[in-house]
Amino acid sequence: MTEKEKYVEEFKELCLGILAQSNNCKQSQQDFRAAKSVPEAVTAWMKYFAGVVDEVPRQVADTFGRLYGKYKTDINKAGVYYNETPPEMSNSMVVIVGDCDEKLQIGARHRVYVLGKAEVVVYWQASATVNHPDAMVRAMNSARVSMREGRAEMCGSSYFVGKGTVYAWNSCRVNISGGKVYDFGHVRISAYGDSVVYSNHPQGVEVNDKACIRPLSDYKSASTADNVKSQDDI
């Protein structure tokens, strides 16, 4: 086996180790084994990425963190970046974010997966999938956020769906199925499950199931665990 072949096989084996921890089908493993280069293997990753991220998000972030230094050039060729913003003129790239000390700002139509403790700003038409309790995402313009857990600040005409802690501003739209919304401005808020919406302006707020609306003053006077952040603080 040549050095180049060893280089590719090592990458594939590490990726297959993650697949083995998820419920992905045999076809995904066959696609990985059929890859002749690292970019081809990364393309196979992207084909099944949504399912893998949903099932083993921490393992995905840790694996890319270990691989990125050695395989960065080839991973980038497949349109994927880790803990960094894609080049300025690029569009529709995938950005995987693990634990990251640097605040990332990502726009265009990039797809961002926030899987670690990080602070990320998405804007224009970028989208963020968030699955970490210590993640903080700020969405601006027409950006979209889909969240399993974490915190989000929704500004401009952005859109939120999922669970977590949400700070709503401006003309955003929020569709929350569990967690809390602190409302400082919205076009529409739809709350389901046991969500709580703290708002002084209930017009445009719809509550379903066991969700409820409480005055924003209840949050401001009673809460010391969460601090309300203005848009300029993040």
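Restricting to region 202-228, give me the number of residues that are surrounded by 13 or more Cβ atoms within 10 Å (Cβ to Cβ) and modelled with pLDDT of 50 or more.
Residues meeting the conditions: 10.
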| message | Looking only at region 92-103, how many residues end up being in contact (Cβ under 8 Å) with a residue 12 or more places away in the chain, exposed (fewer than 14 other Cβ atoms within 10 Å of the Cβ) and not small (G, A, S)? | response | 2
| field | The one condition in (1) closer than 18 Å to E84 by Cα; (2) buried (at least 21 other Cβ atoms within 10 Å of the Cβ); (3) of a type in the set (G, A, S) that S127 fails to fulfil | value | (2)
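Looking at T73, T85, T2, T63 in this structure, which one is open to solvent by 80 Å² or more (accessible area, probe 1.4 Å) and among the β-branched types (V, I, T)?
Only one candidate passes the filter, namely T73.
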| task | Return a yes/no flag: does region 129-136 have any residue that is of a type in the set (S, T, Y) and touching a Ser or Thr at 6+ places or on another chain (Cβ under 6 Å). | result | yes
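Give the residue, chosen from E55, E9, that is over 24 Å from the mean Cα position of the chain (by Cα), among the charged types (D, E, K, R) and either surrounded by fewer than 19 Cβ atoms within 10 Å (Cβ to Cβ) or at positive phi (or both). Full working, then the answer.
On the way: E55 fails: over 24 Å from the mean Cα position of the chain (by Cα).
Among E55, E9, only E9 is over 24 Å from the mean Cα position of the chain (by Cα), among the charged types (D, E, K, R) and either surrounded by fewer than 19 Cβ atoms within 10 Å (Cβ to Cβ) or at positive phi (or both).
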| Could you list, in sequence order, the residues of region 158-190 that are without any contact (Cβ under 8 Å) to a residue 60 or more places away in the chain and in contact with a Cys (Cβ under 8 Å, 6 or more places away or on another chain)? | S158, Y159, F160, N170, C172, G185, H186, V187
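The values are calculated or read from the model by the stated rules, or taken from the named source; none is laboratory data. Please read these numbers as outputs of a predicted model, since none were measured by experiment. All Cβ positions, glycine included, derive from the backbone under ideal geometry; neighbour counts span all protein chains shown. Only protein heavy atoms, including side chains, enter the accessible area calculation; ligands, DNA and RNA are left aside. Shrake-Rupley method; radii C 1.70, N 1.55, O 1.52, S 1.80 Å.
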